[in-house]
Amino acid sequence: MWPFSRGSRTRRLGRGKVVSPLLQIAIVIAGTVPLPIISASADNASDLPPDAAASREADALFRELLKDPKNVELTFRYAEAAIKAGNIEAGISSLERLLLLDRSFPGVKLELAELYARLHSYAMAKSYLAQAEQEPGLDENAKARIRALRDELGLARSPSKLTTEVFVGVRHQSDASAEPAGSDIVAGGVPETLTTIFLGKPAWDVFASGNVQHSYNFGNFKLESDMLAYYSASLGHSELDVGAVEVSTGPRFDFDIGDVHLASTRAYVVADEVGVGNSQFLKSVGTGLSFDRPIIDRLSGAGFYEFRTEWFSPIALSPAANLMNGNVNSFGLALSYQVVDNGNLGLQVSYALTNDFTDIGSNKGLVIHLSYSQLFPLPKRLGVGPLELSSSIYRIYSNDDAPDPLVDPNLIAATDEWRFVASAKLGLTDNIAANLSIVREVMTSDVPANRMNNTQIILGAILAY
């Protein structure tokens, strides 16, 4: 879907109640990059030294190899160090040179097949895999790796790809609200989280969210379709139960020169349905355009524009919700920089213009989001991994265009919010990760009813297939 998630802006829901800058329903906590669900049996979960140490080792071995280029053991050690340091191309080159020196060196052909697959060079991967399958004396581990790679290559060659993720868990809030657990804030879009529809007391809820993504490669373009679904049940407070579904579809065009990827763009249509307290609350339709491209080494950028029309229905906690019917124009930019190996710094800025048909809730919203995530391979002996630690800071501004006569006919409301997020994800198996997140929200406003302080603790599991 989007290069980064969508959310919304502050919207009035009735006397003394507003929806804060809202969050897109997402599978991952707090808008961080989804954790690659990799078990301890995967390559990067083995007992590896730090990347910096591997890089120094590779440099030292390369200098020795220049003095003795036909040394089989030295060539193999250099290939191992280069791969650990993240230099896959150098590792491939060394392993192929090793085959020239010793065609029967055990395990090299399978390793080459896996490395070429990681580079998406599937023809070369298939060729080396066929050679690896013919090697005598394969142990059970090698046979399992061959079966897994064969399945991976089969999926890679298919024009149709389907992925699913499910996130289930439990959450505690110090000031319980209808906000969906595990969402990212970006200005504009559908108000799928209802941050300030709150009880004024702590509560627990259980939740489940799912994401199904399908793409079909027609050659000149890909047709990408997504469905997001979310449901939460507040224990003892059914008026805070939330259910939502979003469906989007549209073509993606990649612009490449040879093997060099220049940019990608996607046009799409989107529709939403949101319910609160077992009653329909919102439906919307819209269209948008996203764009992303690499800028320089380790730095990439993305942008989006989206237009939506929204229709609201009154509910118990928001009897005047239908006054919020209107149009939303939102756009934003994002930058992602790989600071170190497995460490990414992100900056997202988004802006939204909301024009209600009644003008009562028309406003402008700005969201600034700074994040950092670091992936740590863990020693194989631990039996789990990798571990991803991430943190985010949001600064959110929302200003109404005119006074709300239901609150104060002389006051143009302005609401600001700080949000701090810390999360950890731990791979348990090839398809399952555990997730812990802590979210701190502090909202200030010149309207007393809009002020809020809330701390969330979210514990759950992510299943990906």
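The values are calculated or read from the model by the stated rules, or taken from the named source; none is laboratory data. Predicted model, so just to flag it, every value in this text is computed and none were measured. Positions of Cβ are generated from backbone atoms using ideal geometry, with glycine treated the same way; all protein chains shown enter the neighbour counts.
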**Fill in**
Of the listed residues (Ile438, Ile360), the one being touching a residue at least 12 places away in the same chain (Cβ under 8 Å), closer than 27 Å to Gln338 by Cβ, assigned by TED's automatic domain parsing to the domain that holds Phe304 and surrounded by 14 or more Cβ atoms within 10 Å (Cβ to Cβ) is Ile438
**Request:** Working only within the range 232-242, note down all residues that are surrounded by 17 or more Cβ atoms within 10 Å (Cβ to Cβ) and part of a strand (DSSP E or B).
**Result:** Ser232, Ser234, Val242
**Asked** Looking at the range 64-106, which of the residues that are among the basic types (Lys, Arg) and within 36 Å of the chain's Cα centre (by Cα) is surrounded by the most Cβ atoms within 10 Å (Cβ to Cβ)?
**Response** Lys84
**Asked** Does the range 309-327 contain any residue that is crowded, with 18+ Cβ neighbours inside 10 Å, at pLDDT 90 or above and over 24 Å from Asp404 (Cβ atoms)?
**Response** no
**Asked** Taking Lys161 and the conditions (1) touching a residue at least 60 places away in the same chain (Cβ under 8 Å); (2) in a strand (DSSP E or B), which numbered condition does it fall short on, given that it satisfies the others?
**Response** (1)
**Request:** Search the range 247-291 for residues being in contact with a Gly (Cβ under 7 Å, 6 or more places away or on another chain) and surrounded by fewer than 20 Cβ atoms within 10 Å (Cβ to Cβ), and hand back the single one that is modelled with the lowest pLDDT.
**Result:** Gly275
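I'd like to check something: does the range 399-411 contain any residue that is under 29 Å from the mean Cα position of the chain (by Cα), assigned by TED's automatic domain parsing to the domain that holds Gly182, among the aliphatic types (A, V, I, L, M) and under 29 Å from Ala203 (Cα atoms)? Working first, answer last.
Looking only at the range 399-411, we keep the residues that are under 29 Å from the mean Cα position of the chain (by Cα), and these are 399.
Narrowing the set further to residues that are assigned by TED's automatic domain parsing to the domain that holds Gly182 leaves 399.
Going one step further and asking which of them are among the aliphatic types (A, V, I, L, M), we end up with none.
Checked the range 399-411: no residue is under 29 Å from the mean Cα position of the chain (by Cα), assigned by TED's automatic domain parsing to the domain that holds Gly182, among the aliphatic types (A, V, I, L, M) and under 29 Å from Ala203 (Cα atoms).
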**Where Asp68 falls short, out of the listed (1) of a type outside the set (Phe, Trp, Tyr); (2) modelled with pLDDT under 85; (3) touching a strand residue (DSSP E or B) at 6+ places or on another chain (Cβ under 9 Å)** = (3)
**Request:** Among the candidates Gly154, Gly200, single out the residue that is assigned to a helix (DSSP H, G or I), modelled with pLDDT under 85 and over 24 Å from the mean Cα position of the chain (by Cα).
**Result:** Gly154
**Message:** Exactly one condition in (1) free of Cβ contacts under 8 Å to residues at least 60 places away in the same chain; (2) out of contact with any helix residue (DSSP H, G or I) (no Cβ under 8 Å at 6 or more places or on another chain) is false for Pro319; which is it?
**Reply:** (1)
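Do you know which of the residues in the range 363-405 that are in a loop (DSSP other than H, G, I, E, B) and either at pLDDT 95 or above or hydrophobic (A, V, I, L, M, F, W, C) (or both) is surrounded by the fewest Cβ atoms within 10 Å (Cβ to Cβ)?
Initial filter on the range 363-405 (in a loop (DSSP other than H, G, I, E, B)): 377-379, 383-386, 401-403, 405.
Next, from what is left, pick out any that are either at pLDDT 95 or above or hydrophobic (A, V, I, L, M, F, W, C) (or both): 378, 384, 402.
Numbers: Leu378: 19, Val384: 18, Ala402: 14.
Ranking the qualifying residues of the range 363-405, first place goes to Ala402.
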**Request:** Inspect all residues belonging to the range 81-104 and state whether any of them is more than 29 Å from Gly343 (Cβ to Cβ), outside the structural domain of Asn342 (by TED's automatic domain parsing), of a type in the set (Lys, Arg) and not in a loop (DSSP other than H, G, I, E, B).
**Result:** yes
**Request:** Report, ordered by the first and then the second residue, all pairs with beta carbons closer than 9 Å, sequence separation of six or more or different chains, a first member in the range 225-243 that is without any contact (Cβ under 8 Å) to a residue 60 or more places away in the chain and over 17 Å from Gly210 (Cα atoms), and a second member that is of a type in the set (Asp, Glu) and not in a strand (DSSP E or B).
**Result:** Ser234/Asp241
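Going through the range 324-336 one residue at a time, which ones are under 18 Å from Ala271 (Cα atoms) and either touching a residue at least 40 places away in the same chain (Cβ under 8 Å) or assigned to a loop (DSSP other than H, G, I, E, B) (or both)?
Here is the first cut: in the range 324-336, the ones under 18 Å from Ala271 (Cα atoms) are 324-331.
Matches in the range 324-336: Met324, Asn325, Val328, Asn329, Ser330, Phe331.
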**Residue in the range 202-223 that is surrounded by the fewest Cβ atoms within 10 Å (Cβ to Cβ), counting only those that are among the polar types (S, T, N, Q) and within 20 Å of Gly243 (Cβ to Cβ)** = Asn211
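Residue by residue through the range 250-260, note down the ones that are out of contact with any Asp or Glu (no Cβ under 7 Å at 6 or more places or on another chain) and either within 30 Å of Lys283 (Cα to Cα) or of a type outside the set (D, E, K, R) (or both). Step through it out loud before you land on a result.
Step one: filter the range 250-260 for residues out of contact with any Asp or Glu (no Cβ under 7 Å at 6 or more places or on another chain), giving 251, 253-260.
Passing the criteria: Pro251, Phe253, Phe255, Ile257, Gly258, Val260.
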**Conditions (1) free of Cβ contacts under 8 Å to residues at least 40 places away in the same chain; (2) small (Gly, Ala, Ser); (3) in contact with a Lys or Arg (Cβ under 7 Å, 6 or more places away or on another chain); number of the one not met by Ser127** = (3)
**Asked** Taking into account only those residues within the range 437-465 that are among the polar types (S, T, N, Q) and in contact with a helix residue (DSSP H, G or I) (Cβ under 9 Å, 6 or more places away or on another chain), which is modelled with the highest pLDDT?
**Response** Ser437
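Return the only residue of Ser225, Ser232 being polar (S, T, N, Q) and either more than 30 Å from Leu335 (Cα to Cα) or touching an Asp or Glu at 6+ places or on another chain (Cβ under 8 Å) (or both).
Ser232
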